[in-house]
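In what follows, a single structure is set out as structure tokens and then discussed.
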Amino acid sequence: MSVTVTEDPAAAGVARPAVLADGIADASVAELLAAAGELLQAAYGRVREDFAGLSLEVLLDQVVAAQRVQNSAWAVQTHRLAQAAAIEYRDEPNPWRAGCRSW
């Protein structure tokens with residue numbers, strides 16, 4: 001999945017994905033997370049170098065955008081953890097019959 005990012009003038013310097021080449025609707029969660037990770041790594045690379053000439057307003061808008069990304073990432077992580085926690089593994093529903101008497 002490749003992503004083309006363009007500047008949205010209304011977003012005061014916060015870039016928004018304009019085109020998701022291979023189609024976001026058909027991508028798996030793993031593919032979307034991998035693409036998001038690549039975008040964040042690219043953004044981090046630019047953040048370390050590109051700040052000269054940015055106004056305080058633009059910088060703070062990007063802080064807010066980064067917080068939204070972080071909130072979304074935590075939401076995905078929390079949801080997947082809840083799904084994983086809901087899985088029950090049972091070889092023998094009664095441990096006493098299975099010979100496990102250490103309780």
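The values are calculated or read from the model by the stated rules, or taken from the named source; none is laboratory data. Predicted, not measured: the structure shown is a model, and the values here were computed from it. Positions of Cβ are generated from backbone atoms using ideal geometry, with glycine treated the same way; all protein chains shown enter the neighbour counts.
Key figures
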read-out: Some residue of segment 29-38 being outside any helix (DSSP H, G or I) and either more than 21 Å from A75 (Cα to Cα) or out of contact with any Pro (no Cβ under 6 Å at 6 or more places or on another chain) (or both); value: no
read-out: Residue within segment 24-41 that is modelled with pLDDT under 90 and either loosely packed, with under 10 Cβ neighbours inside 10 Å or basic (K, R) (or both) present; value: yes
read-out: Where a residue in segment 44-63 is among the acidic types (D, E) and its partner, wherever it lies, is surrounded by 10 or more Cβ atoms within 10 Å (Cβ to Cβ), with Cβ under 9 Å and at least six apart; value: E57/A12; E57/G13; D61/A11; D61/A12; D61/G13; D61/V14
